[in-house]
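Trainee: Quick one: this structure, given as structure tokens, is what I'll be asking you about.
The values are calculated or read from the model by the stated rules, or taken from the named source; none is laboratory data. Since the model is a prediction, treat every value here as computed from it, not as a measurement. Glycine also receives a Cβ, built like all others from the backbone with ideal geometry; neighbour counts cover every protein chain displayed.
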Amino acid sequence: MSVNPMIIAGFDPSINETGWGIISNVAPDDSHKVGTVLAYGVISGNPWMNKSPMKNRAGFIERGTFDAIESFTRKHLVRPCHCGIEYADDEVRKGRHWRSLRKLEAATWAIYWALIRYGFTKSEITMMEVKALKRSKRGVVKSKIMTARDMERLYAFPTRKHGEALPDHVTDAINVAHATLADLRIGIARRHGWDVKKQGPRRRSGATT
């Protein structure tokens with residue numbers, strides 16, 4: 001069965017080190033994976049970056065985001081069809097200092113405007129609450145996200161060197177891309193009248209094409 005290729009970029013914003021990852025829902029023929037991690041990296045600052053004004057640091061993140069997308073597009077001759085940016089929900093924000101939140105907002109909007117400047121529309125950019133906290137009877141617990149080992153089981157890493165450890169920011173960025181891809185699939189299923197609660201594209205009763 002043929003699969004329509006979807007290439008998704010995910011970003012984990014941070015004013016010091018921003019992680020990014022680009023995935024595809026198409027896996028190599030000889031693997032039992034659900035997709036491929038095409039590229040990933042970290043946009044990091046120089047040793048003097050922490051002493052520079054917030055505006056300069058955000059500008060560095062913006063330029064790095066633009067360059068990451070541009071280099072991927074030139075190498076693969078295709079642009080990601082959608083982008084996801086990690087966005088902390090209200091429960092996560094409650095435990096952070098206002099200065100930390102200010103830095104996070106600066107990095108988030110630097111990524112956003114870099115994508116807009118590259119040519120993405122607002123509808124092609126999604127703010128994803130990947131690390132959303134859920135309340136339970138025992139208190140607040142963090143929702144489950146993929147670990148690096150989980151990613152190795154689900155995705156092929158053709159560009160990854162043997163034994164190379166994924167940085168935390170890259171792991172989070174791939175989680176964002178994975179969640180964005182899942183969200184897009186649900187949207188496509190609903191538009192076609194498929195039952196998203198069941199496994200596979202099964203039409204709901206009374207659905208029209």
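Trainee: State all residues of the range 148-180 that are of a type outside the set (Lys, Arg), under 18 Å from Ala27 (Cα atoms) and without any contact (Cβ under 8 Å) to a residue 60 or more places away in the chain; if no residue qualifies, say none.
Mentor: Ala148, Asp150, Glu152
Trainee: For the structure I just gave you, tell me whether Ala106 is crowded, with 21+ Cβ neighbours inside 10 Å, touching a helix residue (DSSP H, G or I) at 6+ places or on another chain (Cβ under 7 Å), more than 19 Å from Ala39 (Cβ to Cβ) and at pLDDT 85 or above.
Mentor: Taking the combined requirement at face value, the residue does not satisfy it.
Residues checked against (1) closer than 22 Å to Lys122 by Cα; (2) at pLDDT 95 or above; (3) small (Gly, Ala, Ser); (4) buried (at least 16 other Cβ atoms within 10 Å of the Cβ):
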{"position": "Ser24", "(1), (2), (3), (4)": "yes, no, yes, yes"}
{"position": "Asp29", "(1), (2), (3), (4)": "no, no, no, no"}
{"position": "His32", "(1), (2), (3), (4)": "no, no, no, no"}
{"position": "Gly45", "(1), (2), (3), (4)": "no, no, yes, yes"}
{"position": "Lys55", "(1), (2), (3), (4)": "no, no, no, no"}
{"position": "Arg63", "(1), (2), (3), (4)": "yes, no, no, no"}
{"position": "Ser71", "(1), (2), (3), (4)": "yes, yes, yes, no"}
{"position": "Val78", "(1), (2), (3), (4)": "yes, no, no, no"}
{"position": "Glu91", "(1), (2), (3), (4)": "no, no, no, no"}
